[in-house]
1. Given the criteria under 30 Å from the mean Cα position of the chain (by Cα) and surrounded by fewer than 17 Cβ atoms within 10 Å (Cβ to Cβ), does residue 49 qualify?
2. Considering only segment 576-602, state which residues are under 30 Å from residue 647 (Cβ atoms), at pLDDT 90 or above and out of contact with any helix residue (DSSP H, G or I) (no Cβ under 9 Å at 6 or more places or on another chain).
3. Can you say whether residue 461 is over 21 Å from residue 383 (Cα atoms) and either in contact with a helix residue (DSSP H, G or I) (Cβ under 7 Å, 6 or more places away or on another chain) or not in a helix (DSSP H, G or I) (or both), as far as the supplied structure shows?
4. Would you call residue 469 in contact (Cβ under 8 Å) with a residue 40 or more places away in the chain, surrounded by 24 or more Cβ atoms within 10 Å (Cβ to Cβ) and either in contact with a helix residue (DSSP H, G or I) (Cβ under 8 Å, 6 or more places away or on another chain) or not in a loop (DSSP other than H, G, I, E, B) (or both)?
5. Name the single residue that is surrounded by the most Cβ atoms within 10 Å (Cβ to Cβ) among those in segment 337-358 being farther than 17 Å from residue 372 by Cα and aliphatic (A, V, I, L, M).
6. Based on this model, can you work out whether residue 388 counts as at pLDDT 95 or above and not in a helix (DSSP H, G or I)?
7. Please verify whether segment 93-100 includes one or more residues that are assigned to a helix (DSSP H, G or I), over 12 Å from residue 64 (Cα atoms) and more than 25 Å from the chain's Cα centre (by Cα).
8. Which number in (1) within 20 Å of the chain's Cα centre (by Cα); (2) in the same structural domain as residue 249 (by TED's automatic domain parsing) marks the one condition that residue 171 misses?
Amino acid sequence: MMLTNIFQMRNAPENPSMRRVKLSGLPVDEKRDRISFIQAIISNLNKMGVDASLAPQDSEGDITLLSPDGKELDLVRATYDSFNPEFLASKKATQYEVKEAWQNRVRTHLSENGFQKVGRKYVRVDDILDQSSDFKEAYEIQAEIIDGKPAISIDPCTRIMEALSQDDIRRASDPEERVDVQVLPKWKSGELVGRAGFKAGDKSFEYHGESLSTPKYWKKKYDIEFVDDDEEMLDIYIPDYDMELPYPASVVFGSFSRGRSLPDDLKKDPKQRVSEAATAIDQYFDSMQFTGSEADLSKLTTAKELGYDTPSFGSSYDFDVRLGDDRKAGVNDIHKSLKRNGPYAGPVNGEYVVITPEDGREIRDGFDELASIYNQLNLGSISRCSEVGNDGIIEVGSQNSNTYANRITEVRDQLDAIDSDLIAFVVLPGHNQDVYFQARGKLFERLFGNNPVPAQAIQYKNVVKLANDNGYFIGVNTASQVYVKLGKVGSAVWILDEPADAHVPGVEPGSTCYAYHDVSRRPDKKSAATAYSATTDSYGRYIATGAQPTGGEKLTDEVFHSILNELLRKVSAFHRRQETSGEKDFHFKRLVFAKDGKIGWQEQKMMKKVIREGVPSEGKRPISEILDESGLLPDDMIIDVVSVNKSPNKRVVTRDGNGFDNVAGGNAMIYGDESGLLVSHKPERGTAKPLEITANDHVSLNRDGVPEPTAESLLKEYYNLSYLNWSSIFSQGKYALPQILTQNLGENLSAGIDVPENMAMI
């Protein structure tokens, strides 16, 4: 039995009424300012106990009042008499209006009960101000309408909020130093520039025609009440706004340290998570009013009670892949099969160099062992390149990242002169990823005619393990990654026995490629954001990666069109180059364009328009016209736009006797025709965090009658692709292969690295 962290309002109002309110004489003119002003009124009404929300844009009113009685109408009339409130006729409320009012009620209730929203999580204000620990008890809370009833999903969690030290503030004055921060109210990333030179009480801000001191401004605009007159103001650069702004010190926190994770004792198992969610409902929502009644929230709800389907796609024991000589093997037997049959795409040979702080026996023995493992797995042969450094060992002489970069610059010409396929191992002295990024950036540079050199990171301690014959598992996974990087386009250690799209209605099995997209901002505040994507075919062969500058945080219509056009051409070229035959032949007919994270309604609207109409203002034609005129692209095409939310606040667990346990990998929960949760992997500790997958658009170009994919078919398709993690041979992970490639690519782009076209970032 699958249970959720969703709590429904059992005494929900049936067919609630609403009245819209028109306002006039507001002291703002522009549409954006007007909406902001009305939102402030709505917030105040909610604090007064009136369930209100912003009226739909296409309605005659400005505000929706949900199930108002005479007293509420009198209260609105008296409070906002100066804006001449006009009450329109009473009507049945739409589900949208009930949802908006319910969300406002929950947010207001949490604020009144001492909670502050920090990004997506709610943290008690007392806990925020307590600097004794960086680990704050928090909740992810979402108010929604399920099966016509108001409901709350609540997920107990932890928010890491690192206190900003005086040393951090002093360091920020040094132009050579970089101090990353997070700021309230939206938990935006920024860079501490330095002291503003004045206190909060000395600065005033304009807010809807009023001049307010900083503490009053933050209270009125952001509902943050703990800003004090005497606290210091700090100058913060916010990349999302491309602006430097003064912030009170109390709302500025240290940025989440790279590699920092929760201590094991803070990782909540299913039993603890369920208990804390139920306690929070009882403790914080017991007196919440909605539409005049105290909200009676249910206990833990089963998927069946919510009317949700719970399909099972099988476990790893039911899943087959193909390796060398097209031999079939169970996904749990990949290691054994590699030793017998080799990789699917055949052996790949190459040479390697080692970039290391210092040369020594353990370095040489460790990489000799890695080369031996590569050979044992029938991946091919790799040998040390004796023409560079000291028999292929490039000694840096320091653990400093700049020294790594300088040393690589010194030998780039020698590396470029090597005729064979070459890969560079970068030995990391510890967990400092900056070393790897600096080194990789220099290896990828195309300056002076140099070609990019693929790079593989490995920690020094793991090299030592290999040298001392206790690092075999590390060696196997590393060897697999090396194979893909040397093999380039078309490489695959293994592929799926059955194509990932075999169960998608109306789709020819084996005809889909998958592109994942996200936006990554470079650390240099003057640089543009970068959109990126990575693709594989429906069996799991690597095709291409690419990056496009966007000029901002959001995907624009012009960039989206360029990405689509580029992807279609790259995949079509791959299709035509393939010399495969039989059931593994790839006939390109469908593109799944997936976004890492939710797709907002504005972005969704933009994508639909671009696919169907192009971008006429930029001379970019509809995709159907490009298909018609191209000799490379297929005549017809299906494009499915999908979002993959890695961090939904919905959780699923299962009963285990009198307790609770994680749901096994391969199980799903479907809600509606478009969305569902997928548990692709059961963790060893904590509670499984499912993926939320949503179908956002389905376009059939030059072809009629193709049904839209069901939510269940999309979840199964994703689950199939999660068995292609070539970087983890012994245990398959949570994410689909193209998403893994995209995440790794994005991490490098965020570090300021110009990743070469079509280089697999595995």
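1. Here the answer is no, as residue 49 does not meet what is asked.
2. Correct list: 590 only.
3. no
4. no
5. If we take residues in segment 337-358 being farther than 17 Å from residue 372 by Cα and aliphatic (A, V, I, L, M), then 355 is surrounded by the most Cβ atoms within 10 Å (Cβ to Cβ).
6. When the stated conditions are applied, residue 388 does not pass them.
7. yes
8. (1)
The values are calculated or read from the model by the stated rules, or taken from the named source; none is laboratory data. Predicted, not measured: the structure shown is a model, and the values here were computed from it. With ideal geometry, Cβ positions are generated from the backbone for all residues, glycine too; neighbour counts draw on all protein chains shown.
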